Amino acid sequence: MIELTPKRIGKLFDSACNRMRTSALQSKDAIVRTSLQRLAENANDHAAVHVLAAASLARQNPAESLRILESQPQSVIENATGNRLAGYAWLLKDELARARTCFDRAVRLDPHLTDCWNLLGKIAEGQERPDDAVRYYRRAIVFENAGHESAIALSKLQAKQARVRDAIHTLRISLLRDQREPKLNLALARLLERRAVAIGKQRYHKRALRLRKEALECYERANAAAPTCKTLIAQGLLEQRLERIEAAVESFRRAVARNPQSSIALSSLAAANVDLGHLDKAHEQFKAAFALDPTRAIGHFRYTRAQKFKPGVETTRYTKQLRQQLAADHLPRRQRLHLHFAIAKVLDDTGEHDEAWKHFDLGNRLNPGHSDRAVSRPSTLREHAEECEQFFTREWFETQSRRGSHDTTPVLIVGMPRSGTTLTEQILSSHPMVAGAGELNHWNQIRHEIARERTDSQPSRRSEFTPGLDTISTADLGRLAGDYIERLNEVRTDERHVTDKMPTNFMFLGLVATLFPKATIIHCRRNPMDVLTSCYCQNLSAPFCDLDQLVAYHRTYRRMMRHWERVLPIRIHTVDYEAMVCEPEAQTRALLSHCGLPWDAKCLEFQSNARAVHTPSKWQVRQPMYRSSVEKWRRFEKHLAPIATRIQAELDDENWHGERAAGH
């Protein structure tokens, strides 16, 4: 059934009344009375018939409307407005075939009736005649001057047919005529985000980024013209994704101002304030959100990550509340996952480690990437390591020494997640000559771009994982290096260096050294058991939500770092987490020296750094240096003993730099 809203029928009634109105002050009721008088005097007064028929439609009485129209059949057969009114009446009675006949007559008599073209399109869609629907919507678009209802309807139909690019084109063309139209901008923004996700999965990351930036422009235009709480939240979430945290805070703040009762807006604002280090403000906003909706599990997860809980009545009450929510029937899996992690974090903070581990484990087992749930887990990293060992040799780098960029801007901070990469970047970015870019996914994107550009006519040693660097031109290498520097330039003013602290860039250090032989590389290393435990307690995706996968991942990471230290033309500086927290000044001096930077005491006050941090360590880096995370895995030792034994045996066998083994 096609819904005709009171607003739509009201416009039809307004249109009929305007033809009869003799004064701007004349009310609709007065016009209806005048129409009754005129019809009594002249049975062929079409304008009066149309007013009375429209009035009956406005009262949701289609039968009365049809009776009035059919009492003067010529007004229906020969008049576009009469057929238009009859079409609406038949639609209200759910008589689609008759409505279609009337609308078809109406547009033949007056092709400017855009609502009739639009309704013909909706009828065609309902009757599963998509080609006719497209034709009708396109005719409506020709005559639409405002609202752009048909352009939006056509784009939805095209998207439904998996023709998202066509849908985007439809809306872009319409925006050329009315760039500030809120509905068009919102419809386009949603489609652009959908398209960005799809092509991102196909590894066209630069295109996906451009689409997201265009989507943000659409949200900005829509919210400048007709802001709503919902659309401001959408804008803020996209700004967060694009690492524009200050802008996201402002969007969420505006959303809360428009609807102070929106728990989603308050929770989103709180999460963004955590990223900026405004922790006290965030705590109050989280609590306000919970007062409105205490069942929002993702909010509780974020709230518990933004502070350290202490034993007490309030904490006990809060934990009880979370347990009650978890016990609810038919709770969606994702909500259960977030509640398990929230409860686990509170229990861990308050010393109830055995119970905390139970919830950490249950939460991870609900993750789609866990072995219990995953359909397949290809060992791609191990295969990638094997290929890197074969491809990236000392001889390779000797032949490439003159091809790369000599720009010294990049500082790559790599290692396992939870190994101290955020702490290291926070220390470095506290130096006036260093800007922090956070976790960029750029090197993975470069790898895929090189692989796509290689053609079958260019034989290469490249397989699925190693980029086709042996066939790429020096000019293309320069272009890729320039693109990366351009990305780093977005976050700096006049700083000499920019850090990129994506931990998993350890996979791509061969590519980094090829493009930037003068880059700075810092390797963050931490007790493997502390790393594995911390990863498992963070609600991360595979392989970090599965202990067996984690052990295998860490093994391959160690293998890759041994290889890079043997063959790279760049000296890798290792930051040992345990040494850093025990001797912060000595280790920071060594770190700055490796980067060619003079000493600056601000680096020891890294917790005062106001830059946004959008990683799981966002709370920790707002605190002064502390040692309590060293050997922290032992609070779960009885649960992790088998894993510790395996790691110990592997490290003994590898003699990994002769360093300490897990737990010793």
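Details
- Which numbered condition Glu352 misses (of (1) under 21 Å from Val313 (Cα atoms); (2) open to solvent by 10 Å² or more (accessible area, probe 1.4 Å); (3) touching a Lys or Arg at 6+ places or on another chain (Cβ under 8 Å)): (3)
- Residue among Thr22, Thr81 that is among the β-branched types (Val, Ile, Thr), surrounded by 13 or more Cβ atoms within 10 Å (Cβ to Cβ) and either part of a helix (DSSP H, G or I) or free of Cβ contacts under 8 Å to residues at least 24 places away in the same chain (or both): Thr81
- Test: Asp576 is surrounded by fewer than 19 Cβ atoms within 10 Å (Cβ to Cβ) and not aliphatic (A, V, I, L, M): no
- Residue match in segment 333-344 (condition: open to solvent by less than 60 Å² (accessible area, probe 1.4 Å), of a type in the set (S, T, N, Q) and part of a helix (DSSP H, G or I)): no
- Within segment 482-518, being hydrophobic (A, V, I, L, M, F, W, C) and part of a loop (DSSP other than H, G, I, E, B) holds for Val491, Met502, Phe516.
- Thr588 open to solvent by 10 Å² or more (accessible area, probe 1.4 Å), over 26 Å from Ala641 (Cβ atoms) and β-branched (Val, Ile, Thr): no
- Condition check for Ile446 on (1) at pLDDT 90 or above; (2) within 26 Å of the chain's Cα centre (by Cα); (3) among the β-branched types (Val, Ile, Thr); (4) over 20 Å from Thr574 (Cβ atoms): one failure, at (1).
- Selection count, segment 369-401, where residues are at pLDDT below 90, open to solvent by 30 Å² or more (accessible area, probe 1.4 Å) and in a loop (DSSP other than H, G, I, E, B): 9
- Taking the conditions (1) more than 24 Å from Ile427 (Cα to Cα); (2) in a helix (DSSP H, G or I); (3) among the β-branched types (Val, Ile, Thr) in turn, Thr471 satisfies each one other than (2).
- Meets criteria (within 27 Å of Arg555 (Cα to Cα), open to solvent by 50 Å² or more (accessible area, probe 1.4 Å), touching a Lys or Arg at 6+ places or on another chain (Cβ under 9 Å) and not in a loop (DSSP other than H, G, I, E, B)) for Glu425: no
- For Phe309, the conditions (1) surrounded by 19 or more Cβ atoms within 10 Å (Cβ to Cβ); (2) touching an Asp or Glu at 6+ places or on another chain (Cβ under 6 Å) all hold with the exception of (1).
- Scan segment 233-250 for residues that are within 23 Å of Ala297 (Cβ to Cβ) and modelled with pLDDT of 95 or more and the total you get is 7.
- Test result for Glu239, under 12 Å from the mean Cα position of the chain (by Cα), buried (at least 17 other Cβ atoms within 10 Å of the Cβ), closer than 23 Å to His448 by Cβ and of a type outside the set (Ser, Thr, Tyr): no
- Just one of the numbered conditions (1) closer than 20 Å to Asn489 by Cβ; (2) of a type outside the set (Val, Ile, Thr); (3) assigned to a loop (DSSP other than H, G, I, E, B); (4) open to solvent by 10 Å² or more (accessible area, probe 1.4 Å) is not true of Pro417: (1).
- Failed condition for Glu495, given (1) crowded, with 23+ Cβ neighbours inside 10 Å; (2) farther than 28 Å from Phe392 by Cα; (3) not hydrophobic (A, V, I, L, M, F, W, C): (1)
- Residue list for segment 271-288, filter: assigned to a loop (DSSP other than H, G, I, E, B) and within 20 Å of the chain's Cα centre (by Cα): Leu276
- Verdict on Thr455 being hydroxyl-bearing (Ser, Thr, Tyr) and either at pLDDT 95 or above or buried (at least 19 other Cβ atoms within 10 Å of the Cβ) (or both): no
- Any hit, segment 538-560, residues being under 24 Å from Phe397 (Cβ atoms), outside any loop (DSSP other than H, G, I, E, B) and touching an Asp or Glu at 6+ places or on another chain (Cβ under 7 Å): yes
- Flag for Leu12 being open to solvent by less than 70 Å² (accessible area, probe 1.4 Å) and under 50 Å from the mean Cα position of the chain (by Cα): yes
- Single residue of segment 101-149 satisfying the filter (farther than 23 Å from Ala16 by Cα and of a type in the set (Asp, Glu)) that is surrounded by the most Cβ atoms within 10 Å (Cβ to Cβ): Glu125
- Residue within segment 289-305 that is assigned to a loop (DSSP other than H, G, I, E, B), open to solvent by 30 Å² or more (accessible area, probe 1.4 Å) and within 21 Å of Thr350 (Cα to Cα) present: no
- Test result for Thr409, within 23 Å of Leu488 (Cα to Cα), of a type outside the set (Gly, Ala, Ser) and modelled with pLDDT of 90 or more: yes
- Only one entry of Gly363, Gly404 meets the criterion of being open to solvent by less than 20 Å² (accessible area, probe 1.4 Å), of a type outside the set (A, V, I, L, M, F, W, C) and outside any helix (DSSP H, G or I), and that entry is Gly404.
- Among helices (runs of 4 or more DSSP H) entirely within segment 113-221, having at least 1 residues that are farther than 21 Å from Leu91 by Cα singles out 130-143, 149-160, 164-177, 182-201.
- A count restricted to segment 85-117 and to residues that are among the polar types (S, T, N, Q) and within 19 Å of Glu149 (Cα to Cα) stands at 1.
The values are calculated or read from the model by the stated rules, or taken from the named source; none is laboratory data. Please read all numbers here as calculations on a predicted model, not as lab measurements. Glycine gets a Cβ as well: all are built from the backbone with ideal geometry, and neighbour counts include every protein chain shown. For the accessible areas, the whole protein counts, side chains as well, though only heavy atoms, and no ligand, DNA or RNA atoms are used. Shrake-Rupley method; radii C 1.70, N 1.55, O 1.52, S 1.80 Å.
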